[in-house]
1. Which of the residues that make up the range 178-194 are under 20 Å from ASP135 (Cβ atoms), surrounded by fewer than 22 Cβ atoms within 10 Å (Cβ to Cβ) and without any contact (Cβ under 8 Å) to a residue 60 or more places away in the chain?
2. Just name the residue that is modelled with the lowest pLDDT out of those in the range 223-253 that are more than 30 Å from LEU665 (Cβ to Cβ) and exposed (fewer than 12 other Cβ atoms within 10 Å of the Cβ).
3. For ALA401, only one of the following conditions fails: (1) free of Cβ contacts under 8 Å to residues at least 40 places away in the same chain; (2) touching a Phe, Trp or Tyr at 6+ places or on another chain (Cβ under 9 Å). What is its number?
4. Across the range 471-522, what is the total count of residues that are at pLDDT below 80 and more than 27 Å from TRP274 (Cα to Cα)?
5. Within the range 270-278, is even one residue of a type in the set (Gly, Ala, Ser), in contact with a helix residue (DSSP H, G or I) (Cβ under 8 Å, 6 or more places away or on another chain) and in a loop (DSSP other than H, G, I, E, B)?
6. From the list THR554, THR569, which residue is part of a loop (DSSP other than H, G, I, E, B), among the β-branched types (Val, Ile, Thr), at pLDDT 90 or above and farther than 19 Å from ILE625 by Cα?
7. Among the listed residues ARG377, ARG383, identify the single one that is free of Cβ contacts under 8 Å to residues at least 24 places away in the same chain, in a loop (DSSP other than H, G, I, E, B), over 30 Å from LEU185 (Cβ atoms) and basic (Lys, Arg).
8. When both residues are 6+ apart or on different chains and their Cβ atoms are under 6 Å apart, which pairs have a first residue that lies in the range 668-687 and is over 11 Å from PHE653 (Cβ atoms), and a second that is in a helix (DSSP H, G or I) and of a type in the set (Val, Ile, Thr)?
Amino acid sequence: MPPRYSKQELLLVGMALLLGVAFRGLHADQLAIEHFDEGVYASSTWYDSQAGQPWPMRHLYAPPLLPKTIQILSAIPGLSSVAPFLPSMVLGSLTILLLWWLGRSMFGQSAGLLLVYVVGLSDFHILFSRMAMTDVPALFWISVAVGIGMKGLQSRSVRTMALAGLCAGIAWWTKYTGWLALAILLSGTGFWWILTGRREMSAVQLVKLLGSTVAVAVLVWLPWYLMLPWYLVLNDVGGYAAVAANHKAYLIGFSGWQDRLADHMLYHFRFDSWLGPASIGLGLLAAGTRRWMELKRSTWNASSAPAAGGRNHAAVAAFPSPAILVRFVVAAIVLAVVAAGIGSAGLLTCLAIGGIAGMFLWPALHELHRRSVSDDRSPAVARAAPYYNADLNSAASIDPALSSCILVAWFSGMLLTTPMYYPFPRLALPLLASIWLAAAGGVTWWMEATINVARRGDAVAVTRQQAVMKRLVMGMVLIAVAITVTGAGELRRPLVWQNRTSLRDASWHIASAVLQDVDGKYERINPQIAVPSNTIISPNPQDDISDEYDADATSLDLLEQKVVSPFDTTVPLADVSQPTCVVYAYGEPGVLGHLFAAGLNVGPVQDVGFPAASLDREEIPTYLIVGPNALRTPGMLNDWADKQYRFQHVADFHFIPSEVVLYNLFSAEWVGQHPECRVQKLELYRLK
């Protein structure tokens, strides 16, 4: 039976969606390309047309769907400044609706309402929804594929399963890990079939359904797979093995698995703000009040109807009691307070683990789904209240047994594999999505179990020992809340609207300095030396911090005084079509994009042995920029030590990367031990 959405439910969903869209889309003027991968993807807006080919090795970072989408959007008048961020903004906003639909389908109305607020106000998801990255779009398509795949399994529809394969293929075109949708569906469905599904579906039918999904996904992905060897050969690189080898470089394995898991936990705690606890409280409040009020309306209608079988109208009207509503409201407040202390991701993880276990031990959601399918409203036991329209309308449309198995595979798989890779914060998004869904299922399971206990109308007298135990448990909960409030300290402000223009401003300051230096008007601080390599901030804990910072800056405040001021970027400083110099950068695609926007001729280099640029067979001033990403390139420092004599130092330009980029450059432990790394710099050199 398809679910029926009340106006009140849709209103609550609409409110959460508006909030989520606002947090993702407002203050777009504070966005600018700064992450390395952002620079690579956004290079499609300027480098492709200038060089006549994509950014070098762009295929190693992602398939072409996102860069091409950014390129198309940038050609639309008025969208050029926000085009790189629009794919994540739009699909990130649609993810709010998607997870509402997915949660409601898997576990019922209450799960959907909780999810729409948790996802809509998730600091972690909002941050990456405001970046020109593949992760949020890929998560959207993976989740779509999984949701449609479960619908197809539920209805035994090959056509629906083929549609799931199409979405999985699009996810694969967005990010190389888009095949996760297939892995989740195959492993979760296999678990379900072994557990209970073999009684409902033959192995042949299961293979047919899943095979159609895999076949379509592979067919959608196949053009890019076949194109890669041809494309890479043209660039003097091997076949698809080059892509796989690049990914393998980030795979560390089980060695230090727990440390990398701890890093991811720290990232979530660091990015968390009052939005996370508020989302949990609002979500549970919306879910609990809506469930109770719809059930109360159904029982009121039932009590107003003629008697059926001599049933006591007063007993019907007394269900559900106000005590259930009070319990839901108190739970919303308690969970919000606890989330403020241990972090929203930490609390949701606990709810997810407990909820998954509860759904297997006490199948309350499965029973509600069964009654919805069969339209069974009969009381579960004698003298119990029957099931009403509100109960059946709030039920899951997908068998919760299948949903639970899919989630076990999704959650356990992501929990196992995510810490096996270098701990980039964005890699935790698929794991976080599984936590959201499992936590929503767990909370819904608790709510329905609470309603079922009240539905039975158990009139068993509470013994003295039980009353004492109840008070003891309540006291422990209050103590836990008090400890949480005491230890939580001040709620952190959201980072979602953090200004990300510092690197752009530094790049434009560099453009101004280069143009002045070409004219001989720029006053250099140390023109007689080339700065040795140890003055570049090191990203590795085992390396010594630079002598410059030990000598000149003893605090973060002094470093922040060196940060460049905002720059007016509305008018280019030069004309690209009339070059007077060329600026190269080592490992800084974002900087080159900003310099190009400022009107300079620019290009990437992979070593420091390049010759001087020439125009009409005459050399023109040639510059090199080295930034924090250079040291992440193996062999760069050795190359620099051999050839630094070719360069003359011009100036340094300090900037403050956003928190997301900072934790991409450094480990959580390093940032905690070295607060000075929050200020980074770009070094400008001129080729002698």
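The values are calculated or read from the model by the stated rules, or taken from the named source; none is laboratory data. None of these values were measured; they are calculated from a predicted model. We place every Cβ from the backbone using ideal geometry, glycine too, and count neighbours over all the protein chains shown.
1. TRP179
2. LEU234
3. (1)
4. Of the residues in the range 471-522, 3 are at pLDDT below 80 and more than 27 Å from TRP274 (Cα to Cα).
5. yes
6. Being part of a loop (DSSP other than H, G, I, E, B), among the β-branched types (Val, Ile, Thr), at pLDDT 90 or above and farther than 19 Å from ILE625 by Cα holds for just one of THR554, THR569, which is THR569.
7. Exactly one of ARG377, ARG383 is free of Cβ contacts under 8 Å to residues at least 24 places away in the same chain, in a loop (DSSP other than H, G, I, E, B), over 30 Å from LEU185 (Cβ atoms) and basic (Lys, Arg), namely ARG377.
8. Nothing qualifies.
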